[in-house]
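In what follows, a single structure is set out as structure tokens and then discussed.
The values are calculated or read from the model by the stated rules, or taken from the named source; none is laboratory data. Note that this is a predicted model, so its numbers are computed, not measured. Please note: Cβ atoms are built from the backbone with ideal geometry, for glycine as well, and neighbour counts cover all protein chains shown. Accessible surface areas use protein heavy atoms only, side chains included; no ligands, DNA or RNA. Shrake-Rupley method; radii C 1.70, N 1.55, O 1.52, S 1.80 Å.
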Amino acid sequence: MRRLFLLAALLALALPPAARAQGGSDGELTWARVGDRPVNPDALTFDGAGALYAADGVRVYRLDLSGGLPGVWELRNDDIFDDAMIGLGADTLITTLHPLTDRSTDGGWTWARVYDSGGGEFSLHEAPADTPFAGQVFIGRRPVAASLDRGATWEGRGDLDDANGFAQSVLALPSGRLVAAAAWGAAYSDDGGWTWHTSSLWAYGQTLCDLLARVDGPTGGDRVLVRCVDQTLPHARVWHSDDEGETWGPEDGVPLPDIDSGVGRGSPAGLWSLGGRRALTVRGRGSVYGTEDGGETWARVGVVPGLNDITFVSTSVVGPDGRLYVGVLQIGPDSDDAWVYRTQQLVAEPVAAEPAPAAAPGLALSIRPNPAAGAAEVALVLARPSEVSVRVFDALGREVTAAWSGALGAGRHAVPLEASSLPAGVYLVRAVTADGEVATARLTRLE
């Protein structure tokens, strides 16, 4: 596991006390502990119902946050090997650790082995609904693997190159292109991952890329961000591409100076799109950087508390409540300092986890049937004619479908919603009028 490889680095570095983060917070972000005890997480994820899961390499925990902080961690399983984890719907989880992938369909209580690649793997990516791969899941590995049935079965696709270049993460784009962050750089595929092309950001034995995010480009369209470590340059860095991963700039990237240059220098703790041109990246030694301009510039906005000689930030996730959650990992037999923290501030717009706004006087919304296993109907009542949009969001706040956009007269209207294509889970249906009135309702999608 990742912690075993980092142990040697920890022992060798002997970092001076002035170079370490010691409790408290720095910058704009402040923090609160999550859960009743430290869980030493390798991976954090949310399921479709808004519950937080943590995996510590052999155990999986679940935390119901509906009652507020701190909450109580519930041990779901203590016999699972994991280094990355993703939640799919209300009860399906996928974990992966070299070279094995496991799947649970009962919220982490029991697991089934679904794939043995024989090669390494590092991250899981569920393709967004606005891509041709909607609902597919990808594992960064050698070769890249994909699942078309929510993790039940997997197939290995293509290697990135002939020089041991392995994908650490994969990102699906609306055009149908896949971009991979890899050793030794960034690569892209236009045939679903069967064949790959190396990009301008590729240097064998020199560049190690691990994280990807998609933000808005400066003139429209998508911009892709990739976080890498170049062995010839100090600090981790972020490059950006406006041609879907073929060319990257600036030449030497934008540096992310951490509070020290030691352990966690390349730890893939998180890179998250926050909507528009905004993004956050989390570094292993606890620094959190934000960009407002699509990665052109980055500023440190906070430091994760509680780090010391043998702890580092191992994982992070932006929750459905719009807050950043980070997991602190501790090397060695103890885990007293290995807490999960979340920001007191919102870093993104909360969507599905927030309570519905007060009723709008000119707009009402309901869904029937609810829960739904197939087609559903959104019933709208308008007090006056208006342009109306009806959109559906998943529990992480990602838009998954637009059910309606157009003019409607005063009175009652039925908008069809085809729910059979949505994975099982909890969704938020939101209607917005031209006057800014908003009505929402939750939809539960059944298998």
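Values for this structure:
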{"item": "Entry for Cα extents along the principal axes in Å (calculated from the structure that is shown) out of (i) 71, 47, 43; (ii) 75, 52, 43; (iii) 61, 56, 49", "result": "(i)"}
{"item": "Residue 100 accessible area, 1.4 Å probe, all protein chains in place, Å² to nearest 10", "result": "40 Å²"}
{"item": "Solvent-accessible area of residue 309 with every protein chain in place, 1.4 Å probe, in Å² to the nearest 10", "result": "80 Å²"}
{"item": "For peptides 242-249, 342-349, sequence by mean Cβ density within 10 Å, most packed first", "result": "242-249, 342-349"}
{"item": "Added length on full extension, which subtracts the Cα-Cα distance from 0.36 nm per residue, residue 219 to residue 149", "result": "21.6 nm"}
{"item": "At R0 = 45 Å, FRET efficiency that the Cβ-Cβ distance of residue 233 and residue 438 yields, to 0.05", "result": "0.45"}
{"item": "19 Å reach of a label modelled at residue 420, 7 Å along Cα-to-Cβ, counting backbone N of the stretch 433-447", "result": "444-447"}
{"item": "Apportionment of accessible area to carbon and sulfur, the chain, percent (1.4 Å)", "result": "52 percent"}
{"item": "For residue 104, solvent-accessible area (1.4 Å; no DNA, RNA or ligand), Å²", "result": "0 Å²"}
{"item": "0 to 90° range, to nearest 10: angle between helix 2-13 axis and the chain longest Cα axis", "result": "40 degrees"}
{"item": "Residues of the chain: accessible area per residue with a 1.4 Å probe, Å²", "result": "39 Å²"}
{"item": "Cα→Cβ-extended label distance, 7 Å offset, between residue 37 and residue 370, nm", "result": "3.9 nm"}
{"item": "Relative pair counts by distance (%), Cα atoms of the stretch 123-178, 10 Å bins", "result": "26, 55, 18, 1"}
{"item": "FRET efficiency estimate (nearest 0.05) - Cβ-Cβ, residue 387 to residue 297, R0 30 angstrom", "result": "0.25"}
